[in-house]
Amino acid sequence: MLRVIFANLFYCVICCSLLVAPVFSRASDPFAENVLIRIVKANTSVQQLFQLVQEQTPLNFAYDEKDVDLSSSIILPVGEHLLSDVLSTTSKQTGLLFIQKKSIILVRKHAQ
């Protein structure tokens, strides 16, 4: 009898962990290397890119408005791309540096 109870308890624990694991792995892994975003317009601004990323991901941007020109024009490849690649392209065109801390992407000028 005791063996049946422990077997059922073990079964419940395993089932719950299998159901919950994908939810936690998706929520806790929003790193730019793993996130895909869809670019629909090649010519855009930094502000539009930030809005696009924030709409499609759990990530947010933090920056000092004195350091970041949101109206800067950037050219991005249309389609679905890794966010890390999009930020790298944006960095090359704008001179901005992107550093991710959990679900926040810090934006600042490259030190010169």
Original post:
Pick from 32, 7: which is modelled with pLDDT under 95, of a type in the set (Gly, Ala, Ser) and surrounded by 14 or more Cβ atoms within 10 Å (Cβ to Cβ)?
Top reply: 32
Original post:
Between a first residue in the range 33-46 that is under 9 Å from residue 75 (Cα atoms) and a second residue that is surrounded by 13 or more Cβ atoms within 10 Å (Cβ to Cβ) and of a type in the set (S, T, N, Q), which pairs have beta carbons less than 8 Å apart while being 6 or more apart in sequence or on different chains?
Top reply: 41/48; 45/72
Original post:
Can you tell me which residues in the range 59-112 are at positive phi and of a type in the set (Gly, Ala, Ser)?
Top reply: 79, 95
**OP:** Would you mind stating whether residue 20 is at pLDDT below 95 and surrounded by 10 or more Cβ atoms within 10 Å (Cβ to Cβ)?
**Re:** yes
**OP:** For the range 100-112, name all the residues that are more than 10 Å from residue 32 (Cα to Cα) and among the hydrophobic types (A, V, I, L, M, F, W, C).
**Re:** 104, 106, 107, 111
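Taking the criterion of being among the polar types (S, T, N, Q) and without any contact (Cβ under 8 Å) to a residue 24 or more places away in the chain, would at least one residue in the range 98-110 satisfy it?
no
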Subject >> Filtered residues of the range 34-47 (kept if closer than 14 Å to residue 94 by Cα and not β-branched (Val, Ile, Thr)) >> reply: 43, 45, 47
**OP:** Considering only the range 45-93, state which residues are of a type in the set (Ser, Thr, Tyr) and either within 20 Å of residue 33 (Cα to Cα) or in contact with a Gly (Cβ under 6 Å, 6 or more places away or on another chain) (or both).
**Re:** 57, 84, 88, 89, 90, 91
Original post:
Taking the condition of a type in the set (Lys, Arg), surrounded by 10 or more Cβ atoms within 10 Å (Cβ to Cβ) and modelled with pLDDT under 95, does residue 26 pass?
Top reply: yes
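On the given criteria, is residue 107 modelled with pLDDT of 95 or more, crowded, with 16+ Cβ neighbours inside 10 Å and either in a strand (DSSP E or B) or of a type outside the set (A, V, I, L, M) (or both)? Working first, answer last.
Values: modelled with pLDDT of 95 or more: yes; crowded, with 16+ Cβ neighbours inside 10 Å: yes; either in a strand (DSSP E or B) or of a type outside the set (A, V, I, L, M) (or both): yes.
Taking the combined requirement at face value, the residue satisfies it.
The values are calculated or read from the model by the stated rules, or taken from the named source; none is laboratory data. Keep in mind that this is a model prediction, so the values were computed, not measured. Using ideal geometry, Cβ is built from the backbone for each residue, glycine included, and neighbour counts are taken over all protein chains shown.
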